[in-house]
Amino acid sequence: MAQKALFDQYFRQRRYENAHLNFTNLFMWRNIYSIKWTEVNGYLVFKAGYGNQQFFLQPIGPAEGANPVLEAMAAHFREQNLPFIIRGMEKFMVDALEKWRPGQFELNGDRDNYDYVYHSKDLIELKGRKYHSKKNHINSFRRNYSDHQYMALTPEWVPHCIENQLEWCRKKGCDDDPTLRGERDAIIEVLTHWTELNLKGGLITIGGKVEAFTFGEPLNSDTAVIHVEKANPDIRGVYPVINQKFCENAWQQLTYINREEDMGLEGLRKAKESYYPVHMVEKFVVTFK
């Protein structure tokens, strides 16, 4: 948490679209992915790992001057006798890499980790036939749960959101699934540090009990990123309601909303595609040929 001001300063130097390239994402996933960081020649450099694979994220810093940093990253992997891998690289950095060492890299689009980006107006208004089913779910929810309330996620609601997450995990079997267990721990980490992270959030109560919550923040000058959206899976329509209400109350002033990746999960991909993204943020895995 002590590095937040430093990281934010680096991330403001240019317009990043990758939802992972912000302090909150790196903070909440730092233990699951063993994230380490350092400064090299005016750039932030992140090394991470999952399972037996270690990799770098793209260096964070000025538009020009990354070559010495890339050399240092390559040298580190050589010294460790590990393959050179950069994950989550945006297209502009791929172009810089090709200028550095033309034709020496294998570049593969990482479709499972492409971010879905929407017009905020579309998610708020849900206009047109393509959103007809979403509106049906929302109207059904409103009829069935007339005592529901939408509220901003403020510090006094944090314990209730943590309990909602733990209840979700009991239903989904997080203890038996390392991925869900890691996600649970990451979400609770954010909620525990809610005030320091300075995020925006929203929640829905039914009969005074939190049944859905979400949080996000500005990613760049015209885009918000939604880090998390959780809801009681037994309540029909609560997911489209929390999505629409949060966008309406928190992000009307921004043009786009990044709802992150689908991780290759069929159900999640179908859900994200059903909101009709206006574009995808491509991310690449880079290795030496």
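Points to keep in mind about this one:
- Search result, residues across the stretch 130-166 that are exposed (fewer than 15 other Cβ atoms within 10 Å of the Cβ), outside any helix (DSSP H, G or I) and touching a residue at least 60 places away in the same chain (Cβ under 8 Å): Asp147, Ala152
- Only residues that are surrounded by 13 or more Cβ atoms within 10 Å (Cβ to Cβ) and among the acidic types (Asp, Glu) were counted across the stretch 167-188, and they come to 4.
- Complete set of residues in the stretch 231-261 that are out of contact with any strand residue (DSSP E or B) (no Cβ under 7 Å at 6 or more places or on another chain), surrounded by fewer than 23 Cβ atoms within 10 Å (Cβ to Cβ), outside any loop (DSSP other than H, G, I, E, B) and not polar (S, T, N, Q): Glu248
- Taking strands (runs of 3 or more DSSP E) as the structural unit, those lying wholly within the stretch 12-117 and holding at least 1 residues that are of a type in the set (Gly, Ala, Ser) correspond to 43-50, 85-89, 105-109.
- Restricting Ala72, Ala66, Ala19 to residues that are within 17 Å of Phe284 (Cβ to Cβ) and at pLDDT below 95 narrows the list to Ala66.
- In the stretch 1-18, residue farthest from the chain's Cα centre (by Cα) [restricted to those that are farther than 16 Å from Leu197 by Cα and surrounded by 19 or more Cβ atoms within 10 Å (Cβ to Cβ)]: Tyr10
- For first residues located in the stretch 167-178 and within 13 Å of Pro233 (Cα to Cα), partners that are part of a helix (DSSP H, G or I) and basic (Lys, Arg) and lie 6+ apart or on another chain with Cβ distances below 9 Å form the pairs Trp168/Arg184; Cys169/Arg181; Cys169/Arg184.
- Residue match in the stretch 111-122 (condition: touching a Gly at 6+ places or on another chain (Cβ under 6 Å) and either loosely packed, with under 15 Cβ neighbours inside 10 Å or of a type outside the set (Phe, Trp, Tyr) (or both)): yes
The values are calculated or read from the model by the stated rules, or taken from the named source; none is laboratory data. Everything numeric here is computed off the predicted structure, so don't read it as measured data. Reconstructed Cβ throughout: ideal geometry from the backbone, glycine too, with neighbour counts over all protein chains shown.
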